[in-house]
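The values are calculated or read from the model by the stated rules, or taken from the named source; none is laboratory data. Bear in mind the structure is a predicted one, so any value in this text is a computation, not a measurement. A quick note on method: Cβ atoms are made from the backbone with ideal geometry, for glycine too, and the neighbour counts reach across all protein chains shown. Remember, those area values only see protein heavy atoms, side chains included, never the ligands or the DNA or RNA. Shrake-Rupley method; radii C 1.70, N 1.55, O 1.52, S 1.80 Å.
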Amino acid sequence: MTKNVRAVLFDLDGTLIDSAPDLGAAADMLRVARGMPSLPIDAYRHMAGAGARGMLKVGFDMTPEHPDFSALREEFFNNYEARIHESTFQFEGVPQLVDALVARSMPWGVVTNKATRFTSLIVERMPLFASAGAVVSGDTTPHSKPHPAPLLEAAKRIQVDPAQCIYVGDDERDIIGGKAAGMLTVAAAYGYLGDGANPRDWGADFLIESPLELLKFLNTD
């Protein structure tokens, strides 16, 4: 089933990197500034893949419909930008996975819903991304995941047919988007997953419990 795979595309947060400590800290700074008790980072972790929306839901039980959401979101963004790489790290096995892809001359890239404002800073500061053939952010195309547009843009940039790409992500939107783009899909069960989500229900072609498990699904010719 994977014999024609010639490239791998990844989601970013919860798939390649663990940014939950910095995302959670940025949200917690909002609480502390308002005299509210601090929450442990683990309280934020499961919703880290949902970005500002997820962090404000955990920190303030606030949804985008709240009249103060936009202002608080911008304050969160400023907090996050100021500490974007303080406690963010690669998941165990990710550097070895990327090294294996490079050794096989297999192009790889990133497709994330994170805004370029933040993605660019992470890519600049983490050597992991030096060999990435494409980095597509949530505002690179007119649509973000689960729309296939950003995935198709990444395939275009690495010059590989979408049908020869495999997309790895830790959110159901990743699987929906990957399938809509005509790619094989892999659910990263070690990621953030969302509130009560079960990745086995997403209909992905494969499921992995750790990054290096991906290698067993890739053509070794």
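For segment 53-77, the candidate set comprises residues that are of a type in the set (A, V, I, L, M, F, W, C) and either within 15 Å of the chain's Cα centre (by Cα) or within 18 Å of GLY191 (Cα to Cα) (or both); within that set, the residue that is surrounded by the fewest Cβ atoms within 10 Å (Cβ to Cβ) is VAL58.
Looking at this structure, is ALA50 within 19 Å of the chain's Cα centre (by Cα) and small (Gly, Ala, Ser)? Yes: the conditions hold for ALA50.
Please tell me if ARG157 is within 16 Å of the chain's Cα centre (by Cα) and closer than 24 Å to GLY51 by Cβ. So ARG157 does not fit the description; no.
Would you confirm whether or not segment 194-209 contains a residue that is charged (D, E, K, R), closer than 18 Å to ASP13 by Cα and open to solvent by less than 50 Å² (accessible area, probe 1.4 Å)? No, the conditions are met nowhere in segment 194-209. Against the test of being of a type in the set (Lys, Arg) and modelled with pLDDT under 95, the options LYS179, LYS156, LYS114, LYS216 yield a single qualifying residue, LYS216. For residues that are on the phi > 0 side of the Ramachandran plot and out of contact with any His (no Cβ under 8 Å at 6 or more places or on another chain), tally how many sit in segment 171-208. Qualifying residue count, segment 171-208: 3. Among the residues of segment 79-130, which ones are open to solvent by 50 Å² or more (accessible area, probe 1.4 Å) and in contact with a Phe, Trp or Tyr (Cβ under 7 Å, 6 or more places away or on another chain)? Across segment 79-130, the qualifying residue is only GLU81.
Once segment 78-95 is narrowed to residues that are closer than 15 Å to MET126 by Cβ and part of a helix (DSSP H, G or I), the residue that is nearest to the chain's Cα centre (by Cα) is VAL94.
LEU39 fulfils the conditions (1) under 21 Å from ASP195 (Cβ atoms); (2) crowded, with 22+ Cβ neighbours inside 10 Å except for a single criterion, (2). Cβ-Cβ distances below 8 Å connect the following pairs, each with a first residue in segment 5-26 that is basic (Lys, Arg), a second residue that is open to solvent by less than 10 Å² (accessible area, probe 1.4 Å), and a separation of six or more residues or different chains: ARG6/CYS165. Within segment 174-183, the residues that satisfy the criterion of being open to solvent by less than 30 Å² (accessible area, probe 1.4 Å) and out of contact with any Cys (no Cβ under 7 Å at 6 or more places or on another chain) are ASP174, ILE175, GLY177, GLY178, ALA181. Considering the conditions (1) farther than 14 Å from ASP18 by Cα; (2) of a type in the set (D, E, K, R); (3) touching a Leu at 6+ places or on another chain (Cβ under 7 Å), LYS114 is excluded by exactly one of them, (1).
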